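Comments concern the structure below.
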Amino acid sequence: MKFNNEATIRFKSKSVNEYFARNAIAAFIMQLNPTIEQMNDVKTAVSEAVTNCKVHAYDSEDDYIEIFCGIEGEKLHIKVSDSGKGIADIEKAMQPFYTTCPEDERSGMGFTVMETFMDSLHVENNTPKGTVVYMTKIFGNSGK
Amino acid sequence: MKFNNEATIRFKSKSVNEYFARNAIAAFIMQLNPTIEQMNDVKTAVSEAVTNCKVHAYDSEDDYIEIFCGIEGEKLHIKVSDSGKGIADIEKAMQPFYTTCPEDERSGMGFTVMETFMDSLHVENNTPKGTVVYMTKIFGNSGK
Amino acid sequence: MNIDFLIKRDVLIIYLSGELDEYNAASAKHRIDTALDKYSYKSAVFDLSNLAFMDSTGVGMFIGRYKKLSRQNKKVFIQNPCFQVEKILRMSGLYQIMPKIKNEVI
Amino acid sequence: MNIDFLIKRDVLIIYLSGELDEYNAASAKHRIDTALDKYSYKSAVFDLSNLAFMDSTGVGMFIGRYKKLSRQNKKVFIQNPCFQVEKILRMSGLYQIMPKIKNEVI
Ligand SMILES: Nc1ncnc2c1ncn2[C@@H]1O[C@H](COP(=O)(O)OP(=O)(O)O)[C@@H](O)[C@H]1O
Ligand SMILES: Nc1ncnc2c1ncn2[C@@H]1O[C@H](COP(=O)(O)OP(=O)(O)O)[C@@H](O)[C@H]1O
């Protein structure tokens, strides 16, 4: 795919980087002239995806999370990848309120938030291991 | 070197990414609890280094600029690299008011700003080609 | 993030400010639970006027406090969420267990 | 970034707002030069109250406008820079050719 602009951020799987990730992506999408709501939607979705890598994919804080962002016209593509444990049953994981960590007070709403706040969400296994989350959002009049 | 935390951002050599780069790094250094002045200093230095890659290193907007950020205690390490034209005489290039593009109204103050606003600045040739700018800033009481 | 507590008549008001994500949730949970056990009150209100951001980790944190308080038959409410926080509270259905109230009710 | 112009007695006041970096400099230069040629005035003032950020590309842009105006024997001043902008203007020595003035002077 040919993007008008693109950026990749790669950082350690530390909780403090959730703030970094959502605000770095926020700075990148400023060029799309987002409404405040669109901006919040993307920040929230990125925060969910990054938190999942930190909480579910890795046991250590020394692993890496990567986010690719590409702009194709009015469409924003975001890809969040980890090389951690992976998800055995993706369909099940994506159901609202489903969580494998209820004891940590996880709400099981992460994927549901990404799905609701973005225009599309797709989750895949990463190669050789881990998870990839693809999201898009349209910034013209045709988006959410 | 072992960093407490680190992040890398990689993006196209487009002017609009100057805003992205300085604000992404700003989001990363929030964990160092910067003063407003320290925050501005780092944003300005990053803006200078990225602008130099865009303006001097590359002719096209399809090339890549990379920034590595590492935190070592209270010390921030920043490395800005391009794989562009490189600098023939680095010492000369770093002199205040020296610019190879006076016709574009460049002030020749880019390196001087980086040097003044950060605690250290070091410029090297990149391999196989291009330029690497290393900067550090100390966020305790011992910094500028 | 900052957390402040105020008792007003029989109500414990919990003021959250900053951003509530996974980085902050564990410490927020701990500080809130300490206050919930320490003070005496009949119901609790989370005032979110100064909460600039939260994600679903925050929803989990609120559900946890709701469970704790409802075991003691105490009601919990939410007031003054900003636009981003309102959107995630509404979509998660949290208002069904922790109704949103107007400032004036208290 | 936004640029507004105001003529007050013999002075052209140029209000810059937003962030002045390499991304914005070319268009800023063009819009300012158009105004410098269009209006009649004896001196010019850049009002930077709403300029949130600038780097050395902005310094170059200011020097260019200074050169243009000094060829016509017009003086140029700067007023109301924020802290970040003040720091870069001061270290670059720009105030030696475009003195900083207080609002009240005009
Ligand atoms: N990056 C990931 N790596 C491994 N497992 C994941 C990842 N993301 C999500 N999961 C799994 O999917 C489940 C549902 O995720 P989500 O909807 O975000 O809810 P929550 O994070 O609250 O558990 C998680 O409990 C976890 O088992
Ligand atoms: N990344 C780079 N690649 C190639 N040349 C560079 C790079 N950075 C700086 N230079 C050279 O160094 C000179 C001085 O840079 P600087 O002090 O930033 O001033 P300016 O950008 O205003 O010219 C530039 O004019 C250019 O010739």
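Where a number appears in this text, it was derived from the coordinates with a stated rule and is not lab data. All values reported here derive from a predicted model rather than from experimental measurement. When we count neighbours, we look across all protein chains shown, and the Cβ atoms used for this are built from the backbone with ideal geometry, even at glycine.
Structure summary
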{"quantity": "Under the Karplus curve 6.51 cos²θ - 1.76 cosθ + 1.60, θ = phi - 60°, whole-Hz ³J(HN,Hα) for segment A:88-104, x wherever Gly or Pro sits", "calculated": "5, 10, 5, 4, 5, 4, 7, 5, x, 6, 7, 8, 8, 10, x, 5, 8"}
{"quantity": "GNM top mover of B:ASP62, B:ASP104, B:ASP82 - chain B, alpha-carbon springs below 10 Å", "calculated": "B:ASP104"}
{"quantity": "Relative contact order (percent, whole number), chain D, Cα cutoff 8 Å, 6+ residue spacing", "calculated": "26 percent"}
{"quantity": "Directionally averaged projected area (convex hull, Cα atoms, chain C), nm²", "calculated": "5.8 nm²"}
{"quantity": "For segment A:81-144, convex hull of alpha carbons as volume per residue, Å³", "calculated": "94 Å³"}
{"quantity": "DSSP bridge pairs, chain D: antiparallel proportion in percent, nearest 5", "calculated": "30 percent"}
{"quantity": "Average other protein chain Cβ within 10 Å of Cβ, residues B:33-46", "calculated": "2"}
{"quantity": "Dipole magnitude of chain C, debye to nearest 20 (Cβ charges: Lys/Arg +1, Asp/Glu -1, about Cα centre)", "calculated": "540 debye"}
{"quantity": "FRET E, pair B:MET1, D:ASP10, Förster distance 60 Å, beta-carbon r, rounded to 0.05", "calculated": "0.50"}
{"quantity": "Note, ³J(HN,Hα) from phi for segment C:34-49, Karplus 6.51, -1.76, 1.60, rounded to Hz, x at Gly and Pro", "calculated": "4, 5, 4, 7, 7, 8, 10, 6, 9, 9, 10, 10, 8, 9, 10, 3"}
{"quantity": "Average other protein chain Cβ within 10 Å of Cβ, residues C:88-97", "calculated": "3"}
{"quantity": "Other-chain or far-sequence residues with amide H under 5 Å of B:ASN5's (modelled H)", "calculated": "B:ILE71"}
{"quantity": "Mean-position separation - Cα centroids, segment D:51-106 and segment A:1-33, in angstrom", "calculated": "34 Å"}
{"quantity": "Shielding by partners - mean other protein chain Cβ count within 10 Å, residues of A:107-120", "calculated": "4"}
{"quantity": "Eligible lysines near D:LYS75 by straight Cα distance, threshold 19 Å, same-chain separation 8 or greater", "calculated": "D:LYS8, D:LYS29, D:LYS38, D:LYS42, D:LYS67, D:LYS100, D:LYS102"}
{"quantity": "For a label point 7 Å along the Cα-to-beta-carbon line of A:ASP104, residues of segment C:61-92 with backbone N under 18 Å", "calculated": "C:61-65"}
{"quantity": "Residues with amide H under 5 Å from that of B:ASN126, placed H, sequence gap 5 or more", "calculated": "B:THR131, B:VAL132"}
{"quantity": "The protein assembly as shown: antiparallel DSSP beta bridges as a percent of all, rounded to 5", "calculated": "70 percent"}
{"quantity": "Spacing of the two label points (7 Å from each Cα toward its C-beta) at B:ASN33 and D:ASP37, in nm", "calculated": "5.5 nm"}
{"quantity": "Nonlocal Lys pairs with alpha-carbon distance under 18 Å, segment A:1-112 (8 or more apart, or different chains)", "calculated": "13"}
{"quantity": "Estimated D of the protein assembly as shown in µm² per second, where Rh is the Kirkwood radius over Cα pairs and Stokes-Einstein applies at 4 °C, 1.567 mPa s", "calculated": "52 µm²/s"}
{"quantity": "Debye equation applied to the C-alpha atoms of chain B, log10 I(q)/I(0) at 0.17, 0.21 Å⁻¹", "calculated": "-0.92, -1.38"}
{"quantity": "Positive dipole terminus of segment A:5-142, leading residue within A:ASN52, A:ILE138, A:PRO96 (C-beta point charges)", "calculated": "A:ILE138"}
